[in-house]
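Report on one structure; see the data block that follows.
Derivation of every value follows stated rules applied to the coordinates shown; laboratory data play no part. Because the structure is a prediction, the values reported are computed rather than measured. Note: ideal-geometry Cβ built from the backbone for every residue, glycine included; neighbour counts use all protein chains shown.
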Ligand SMILES: Cc1ncc(COP(=O)(O)O)c(C=O)c1O
C-alpha cells in the first residue's frame, strides 16, 4: 500500500507549513468518519483505535448526537451565562443525576475543568475547612496528565510538558501514583484536595494497585480533604463502568469530566460535586463565555442519555475482555506488558523490535490508527461502538506488525 499519495502528501505539507509544531501527527489526513471507522483524503479506511483520546466513546457522528446538535442549531447556539437557556437546567440536572451529585459547573475543555476543580478546592479549603489564606495545598500523583495550562503543568513530572514554562504555580505536592503511605505523609492541615486520575491515561494506561482508590477515599474522608477524580479520559463508559472509580465502588467528592461529554461533536467539560463544595462559588467569581452553551448542553444531554442506557458500559466490559485476552496472548511475541481496563489498553512493545511511534506508523499502513506514548508504549482506545470483528481486526493487525518487524 502506498502511504503518501499526492493528496495526502500535499495536505501534510500544508499543515506542516502553517501550524505550530506542538504535535507530531501520523501522516494520515482524515476526510470522513462513521462509527469506529475513518476514511482519508485518498479513500483509505482505518479503524480508529484512539477515538480522540476517548472523546469519541460513542463513535464518530453517533446518530443521536448529530440529531441533537442539528436540532439545537435550528434554535439557539449561544447565549453566554448572562442569560439562561432551555437546555441548561436539563443538562445540569441529568449530569448531576448520572454522577449521583448535587451540582454541575460546565466548562469547555478538560484543562479548564481541572483548573475549575483546583479553584473550587482552594476556595472550599479557605471558606469551609478553615485553611489559612494563601496556604492551600493539593496532593497530586507523579506521571499525571491533567492538561496544559500554566498551573496544571506546574505539577507535571513530564519534562516535555513542563520545561521552559516557568515560573510555576505553587501549592502542589507530588507523590508516587499508587502509594497510599506517601499520600498520607503528604497530607497536612493545609491540604484541601487530592487530585488524581483513577487510571493514568497519558502515562500509559496505568491501573493503580487494587484497593488504591478505596484507600484514597478513606484517607480523604479521615483527613477532611476533597477527593477530586479526574475522569476526563477514564470516565463515561471507557472502562466498562460509567466511572473508573466505580470499579472499586468509590465515590469521589468531585468528578472532573470532559472529552466524551461532548460526544466528539463539541467541547464540553464539567465539574460535578455536592452543594457543600460547589456551593462556595458566588456570582462573578468564576466563569466561561462558552461553558454550558445551548449547543454543548443539547449534545451533552444526549450523551448522558446514551450512558443511562448502560449499553456502552456493557460493550466496553465485554469487548474489553476480548481485547485484553487477545493482547495478553501477544506477550512474549513482541509485547512485554499489557495494562488497562475495558476498551482501554496500554501495550508495551519490546523496544528491541521498534518504538511505539514505529508501531503506530506500521499499524496505520495496515488500517489501524493508534497513538504511542513514552517511547515504547502504544495505546488502544477504540470507540465503544466497535464490533467483535473490529477488535479482532485491530489485534490481528498488531500481531502482524510485530511478526514482520
Ligand atoms: C485525564 C486528563 N485530564 C485532563 C485532560 C485535558 O483535557 P483537554 O485536552 O480537553 O484540555 C486530559 C487530556 O488528555 C486527560 O487525559
(message) Over all directions, the average projected area of the alpha-carbon convex hull for segment 5-123 comes to how many nm²?
(response) 11.0
(message) Taking 2.2 N^0.38 Å as the expected size of a compact globular protein, what ratio does the Cα radius of gyration of segment 245-309 give against it, to two decimals?
(response) 1.25
(request) Please report, largest first and rounded to whole Å, the three semi-axes of the ellipsoid equivalent to segment 203-361, where each semi-axis is the square root of five times an eigenvalue of the C-alpha gyration tensor. (result) 32, 21, 16
(request) Mind pulling the angle between the C-alpha long axis of helix 212-223 and the longest principal axis of the chain? Nearest 10 degrees, somewhere in 0 to 90. (result) 10
(request) Would you give the gap between the C-alpha center of segment 254-298 and the C-alpha center of segment 124-174, rounded to a whole Å? (result) 21
(message) For the ranges 203-209, 23-29, what's the packing order if you count other beta-carbon atoms within 10 Å of each residue, average per peptide, and put the highest first?
(response) 203-209, 23-29
(request) Arrange the following residues from fewest to most other Cβ atoms within 10 Å of their Cβ: 153, 66. (result) 66, 153
(request) Equivalent ellipsoid semi-axes for segment 320-393, as square roots of 5 times the alpha carbon gyration tensor eigenvalues: give them largest first, rounded to whole Å. (result) 19, 14, 11
(message) For segment 127-257, what does the relative contact order come out to in percent, with C-alpha contacts under 8 Å and a separation of six or more?
(response) 24
(message) Quick check on packing: order 355-366, 330-341 by the mean number of other C-beta atoms within 10 Å, highest mean leading.
(response) 355-366, 330-341
(request) Calculate the all-directions average of the projected area of segment 17-57's alpha-carbon convex hull, and give it in nm². (result) 3.6
(request) Compute the long axis of helix 388-403 from its Cα atoms, compare it with the longest principal axis of the Cα atoms of the chain, and write down the angle in degrees, 0 to 90, nearest 10. (result) 70
(request) Estimate the FRET efficiency between residue 214 and residue 358 by the formula 1/(1 + (r/R0)^6), using the beta-carbon distance for r and 56 Å for R0, to the nearest 0.05. (result) 0.90
(request) Translational diffusion coefficient, Stokes-Einstein: compute it for segment 175-234 using the Kirkwood radius over C-alpha pairs as Rh, at 10 °C and 1.306 mPa s, and state it as an integer in µm² s⁻¹. (result) 134
(request) Please find the FRET efficiency linking residue 189 to residue 162, where r is the Cβ-Cβ separation and R0 is fixed at 30 Å, and quote it to the nearest 0.05. (result) 0.60
(message) I need the peptides 124-133, 49-58 ranked by packing, meaning the mean over residues of other C-beta atoms within 10 angstrom, with the highest value on top.
(response) 49-58, 124-133
(message) Using a Debye calculation, one point per C-alpha and no hydration shell, please list log10 I(q)/I(0) for segment 157-210 at q = 0.23, 0.28 Å⁻¹ in order.
(response) -1.11, -1.21
(message) Compute the helix-to-body angle for 6-18: its Cα long axis versus the longest principal axis of the chain, expressed 0 to 90° and rounded to tens.
(response) 30
(request) Give me the distance between the Cα centres of segment 299-343 and segment 196-253, rounded to whole Å. (result) 17
(request) Give the order of 30, 349, 152, 187 when sorted by the count of other beta carbons within 10 angstrom, beginning with the fewest. (result) 30, 187, 152, 349
(request) On a C-alpha basis, how far is the centre of segment 28-56 from the centre of segment 389-405 in Å? Whole number, if you could? (result) 17
(message) If neighbour count is taken as other Cβ atoms inside 10 Å, put 230, 305, 179 in order from fewest to most.
(response) 305, 179, 230
(message) I need the semi-axes of the equivalent ellipsoid of the chain: take the C-alpha gyration tensor, multiply each eigenvalue by 5, square-root it, list largest first in whole angstrom.
(response) 34, 26, 20
(message) What Kirkwood Rh does segment 93-234 have if only Cα atoms enter the pairwise 1/r average? Answer in Å.
(response) 15.6
